[in-house]
Amino acid sequence: MTTTADLHTLTGAYAAHALPDPERTEFRRHLTRCPACTQEVRELRAALARLGAAQTTTAPPGIEARVMAGIGSVRQLRPRGPDPTDEGGVHQNRRRRLARSWPRFALAASVAAAIGLGGVAVDQHHDTQRAQQYSVQLQEQTAAFSHLLTAPDVRTSTATAGSGAGTVVWSHSRGQAGFLAAALPSLTEGKVYELWFDDAGAARPAGLLASSTGSVLLQGPVDGATGVGVTVEPTGGSLQPTSLPLLLLPLG
Amino acid sequence: MNGTARFAGEQHRGPDLVELLALSAFGDHDAFRRLYLTVAGPVFGLVRRVLRDHAQSEEVTQEVMLEVWRTAARYRPERGEVMTWILTLAHRRAVDRVRSAQAATDRDRRAAAQAQATAYDDVAEQVEHRLEQEQVRRCLASLTELQRESVTLAYYRGHTYREAAEMLGAPLGTIKTRLRDGLIRLRDCLGVGS
């Protein structure tokens, strides 16, 4: 068993993220009882951050636009709760990475009758009322959705999941797509639905949906995508699917 | 503009990162963009240092910034500076990425560790030459060789202290203490902490 004195020497390894997991967990427990260690970790992290900042370079220009586009669909956490640098849970769920390519979207997805658009409008309205913090965003989305629905070549495709269903609405002339969820399986804490365009078997992130009923305008152009997929991902979304798709909707 | 990453600037010049982060926590996109412009260079630089892969570094930088947006309200000023908080998140993400890639090639790991040990001298040199801040360079140079190697392998290369011990051919206990002693010395040399 590790002694307290031994544990104290781990402040350096912990601050540098150099503790492998069983020891890291043990040390985190120790930190809750050791204010001196906590203080030391903070100071060593400040020193390490200086080492990090010494590597400053110009970030590639494309990242800014992607980040700014991404924040619109990332739900912000409330102030109360763990600081992510404490590694108390925000980072604990290591993401299992699946292959970047999906099996071609297939076509086994059962295509049912499209959800009536009247029902969709009701769902959107309901969401707007319920999630006040998203009201502006949703209103914009609703407007964008309405615009999409007026496209002369608008088409829909629906598939079922559990006792619910998802519908993708798209228009090649507008280059846009939207997704409507109706009573999809409930999301557990810390999870969201993430949408993907299927570019010939490669998944391209297309936005997040934080509820099992609602709608979202897909981010990015339809381009040559042959389908839209939906996976369950950790809050904040992933850059690649980390779970198998719940829904696969062919475009066309 | 945002090229320099001196932390003293956080109090004396440039945008107030605490304020920008607080505004971001309330969903202010403009404030977050300004925060991004200030921290993106340090974040990308550190992540690329650890990952040594441009495309992956872009991905991880993007993930880190989305995480900053998501968790902005959880930042506590009394625990440290904004830049430290963000670079700690960035380092964690970069290290996670390195380790998941390592896990995928687990069976090649021993061979890789050997190769890395041989290549180590090069890396240490690169690090020292590329450091932009004279003070950091000077402080790193003031460490003993084993302290500096331990710190470099752990922080810039994302190795666990066990891997560092294996690569340096030193006992685990030695690396643990050298890592801590080295960081304490850096802290004092850089004048951070209370």
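Please give, to one decimal in nm, the separation of the simple spin-label points placed at A:Thr38 and B:Ala101, each 7 Å out from Cα toward the Cβ.
Going by the 7 Å Cα→Cβ label model, 3.6 nm.
Please turn the phi angles of the stretch B:16-26 into ³J(HN,Hα) values with the Karplus equation 6.51 cos²θ - 1.76 cosθ + 1.60 (θ = phi - 60°), one per residue in order, whole Hz, x for glycine and proline.
Working through the residues one at a time gives 7, 5, 4, 5, 4, 5, 5, 5, 4, 4, 8 Hz.
What does the net charge come to around A:Arg80 if you take all other residues with beta carbon closer than 13 Å to its beta carbon, with K and R at +1 and D and E at -1?
+2
Using r as the Cβ-Cβ distance of A:Asp6 and A:Arg155, and R0 as 45 Å, what FRET efficiency do you calculate, to the nearest 0.05?
0.10
Alpha carbon centre of the stretch A:147-161 versus the stretch B:161-186: separation in Å?
The stretch A:147-161 and the stretch B:161-186 have Cα centres spaced 59 Å from each other.
If each residue of separation counts as 0.36 nm, what is the full-extension length gain between A:Arg80 and A:His147 once their alpha-carbon separation is subtracted?
Contour length minus Cα-Cα distance gives 20.2 nm.
Residue by residue through the stretch A:237-252, which ³J(HN,Hα) values in whole Hz follow from phi under the Karplus form 6.51 cos²θ - 1.76 cosθ + 1.60 (θ = phi - 60°), with glycine and proline marked x?
Per-residue couplings from phi come out as x, 10, 8, 9, x, 10, 9, 6, x, 7, 9, 10, 10, x, 9, x Hz.
Treat each spin label as a single point 7 Å out from the Cα along the C-beta direction, and report the B:Ala73 to A:Asp223 distance in nm.
Modelled inter-label distance: 3.5 nm.
How much length, in nm to one decimal, is gained on full extension between B:Thr144 and B:Asp16, taken as 0.36 nm per residue of separation minus their Cα-Cα distance?
The B:Thr144-B:Asp16 span can extend by a further 42.4 nm.
Read-outs: derived from the displayed coordinates by stated rules, not from any lab. Quick caveat: nothing in here was measured; it's all calculated off a predicted structure. Ideal geometry is used to build each Cβ from the backbone, glycine not excepted, and the neighbour counts take in all protein chains shown.
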